[in-house]
Structure formats: structure tokens, C-alpha cells
Amino acid sequence: MSYFFYGEYVMARRMSDRSKQNLHMGEGKGKDYVPYIMTPEFNSLGTTSIIKDWKTGRSIHCMSQGEAMWYYLLRWNDSNIDIREQFPFGIKHPQSSVHVMTTDFLVTKNDGSLHAYSVKADRNLNDRTIELLYIEREYWKYNNVPFDMLYATDADQIMVNNIRLITEFYNKDAVYDKYSYSKHLIAIKEIELDLSQTIIDKNRLDKILEEFHYE
């Protein structure tokens with residue numbers, strides 16, 4: 001749920017649900033999806049971020065560093081064809097009379113099924129957070145959608161950093177030299193690498209270029 005995240009951001013210009021509905025926030029799919037909560041609605045301590053989806057070009061609004069890391073990991077998995085962040089599920093938030101609850105990520109799989117995820121910093125959850133997660137879990141269970149927890153402490157940071165660096169060159173128009181070209185090949189998966197084990201540095205890229213006879 002993106003309404004709270006371990007006390008590191010506070011509400012700034014949070015819009016009412018009526019305004020969000022009028023703007024069709026929380027609706028659409030793929031490049032047309034608009035998240036129900038956007039980062040400008042909060043004052044943060046550097047935890048919020050906007051990521052460009054390298055496949056659709058859509059701006060992804062992440063409310064924490066953990067969400068950003070897990071977005072990269074989930075999006076890199078080709079079985080996940082769409083990720084809708086800050087997705088509203090229609091239940092009024094227990095601590096607010098004007099806002100509904102949201103799920104951090106609602107993922108559409110390549111077989112059309114859905115999978116919901118909540119992201120937290122670690123497993124040290126207070127009682128109130130556990131109560132809110134119970135509501136979220138029961139909602140998705142009632143709708144026959146799997147629901148799982150993701151923790152920032154479990155994210156493979158080497159892999160996250162590699163994905164972030166290479167997907168900057170997913171589109172060939174971004175290529176400007178031999179190194180960006182090799183990153184492009186990895187990003188579009190013409191070259192398969194275990195990004196959790198391989199640090200993408202110039203030495204590794206030189207070897208890739210040799211294999212592809214780049215001139």
C-alpha cells in the first residue's frame with residue numbers, strides 16, 4: 001500500500017478521490033495507465049522517484065526506493081507484460097474518510113492473469129501496517145488474485161543497478177558508441193547475461209563486442 005511507507009514521506013498536495021476519478025487516475029493499461037497516487041502529492045526524504053518504463057515510455061511513480069528496485073526487477077521479467085503501480089482497489093482507507101487504499105504493483109502476466117504485490121522496506125512491520133496488509137491481502141484473495149510481499153532488503157542490488165544502466169539504451173535511438181550499443185543488445189535480450197552475477201563494466205562490454213564482431 002502506498003498510503004504510508006515507514007514514515008519517510010508525508011502528504012503535501014494529496015488530491016481527493018473525486019478529483020482523481022475525474023482525471024481517470026487508476027485507470028487504463030500499458031502506456032495509457034495513470035497511477036492513482038503520484039509522487040508530487042507527497043513531500044519526501046528522497047524516497048520517491050519517477051522511472052521511465054523503457055518499453056512504453058510511461059512515467060512510473062514509485063513511493064520508495066524499495067518500490068523502484070522491485071519495479072526494475074519485475075519489469076525485466078518478460079512474463080510480466082504490464083505493471084500498474086499505486087493501483088486503487090476501492091476500499092476506503094481506515095485512517096481516511098476521503099481516500100481509498102492502493103496496492104503498490106498490480107502485475108499482468110503474459111497469460112492474462114494478475115498478481116498483486118505490496119512493497120515494504122523490511123520485515124520489521126508494526127501492528128498497524130500488518131492490519132492494513134491483512135485488508136489488502138483479503139481483498140485480492142476474494143478476487144482470486146495472488147498477493148505477495150516484497151521487501152527492499154531482498155532486492156538484488158547488483159541486478160537492479162545493471163538493469164537500470166542497460167535499459168537506458170533499450171531504444172536504439174539512444175545508442176551513441178560501442179558501449180551503449182552493447183548495452184542495447186543486452187537490454188533487448190539479443191545477448192543473455194545473468195545480471196545478478198555480472199557487473200556491467202567496460203571490460204565485460206569489450207568481451208561482448210568481440211563476440212558480436214562490433215567495429
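Only the coordinates and a few stated rules stand behind these numbers; no lab work does. Predicted model, so just to flag it, every value in this text is computed and none were measured. So basically every Cβ, Gly included, is an ideal-geometry build from the backbone, and we count neighbours across all protein chains shown.
Data table
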| item | result |
| --- | --- |
| Total residues in region 109-149, condition hydroxyl-bearing (Ser, Thr, Tyr) and over 16 Å from Pro88 (Cβ atoms) | 3 |
| Cβ pairs under 7 Å, 6+ apart, first in region 18-30 and farther than 21 Å from Asp53 by Cα, second part of a loop (DSSP other than H, G, I, E, B) | Lys20/Gly26; Lys20/Tyr36 |
| Whichever residue in region 102-134 is more than 17 Å from Ile83 (Cβ to Cβ), of a type in the set (A, V, I, L, M) and in contact (Cβ under 8 Å) with a residue 12 or more places away in the chain and, among such residues, is surrounded by the most Cβ atoms within 10 Å (Cβ to Cβ) | Leu132 |
| Residue in region 136-153 that is farthest from the chain's Cα centre (by Cα), counting only those that are exposed (fewer than 15 other Cβ atoms within 10 Å of the Cβ) and in a helix (DSSP H, G or I) | Tyr142 |
